[in-house]
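Any read-out appearing in this document is the output of simple, stated calculations on the displayed coordinates, not a laboratory observation. This structure is a prediction, so every number in the text was calculated from the model and none was measured.
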Amino acid sequence: MTDHLIEKGGSRAADSRALRSPPVRAKTPARRKTATQREDAATDTSEAQASREEMIAMAAYFIAERRGFEAGREMDDWLEAEAQIDALY
């Protein structure tokens, strides 16, 4: 190929540039979350958990009310309420 370019009046420099591969771009490193972003994510998660527990507590209350607040069934009420809330979301 070099001989062909030289015969046509080309140069070896032009030939070597044509044969080079394009420059490889380095990958951009993934950005790490800042302390504030991590705190915000933790706050969002804890708020969602608190909201979920509030909804379960309300549902458990209404379940207990429906059955006349019979003592000794609080755990059953909570678990039933938890299942109901989880089914909604």
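Using 0.36 nm per residue and subtracting the Cα-Cα separation, the extra length available between residue 49 and residue 24 on full extension is 4.4 nm. Segment residue 87..residue 31, full-extension length gain: 16.6 nm, with 0.36 nm per residue of separation and the alpha-carbon distance subtracted.
When only C-alpha pairs under 8 Å and at least 6 residues apart count, what is the relative contact order of region 40-89, in percent? If you can, show how the numbers build up before the last one.
Values: 23 pairs, mean separation 20.3, N = 50.
The normalised contact order for region 40-89 reaches 41 percent.
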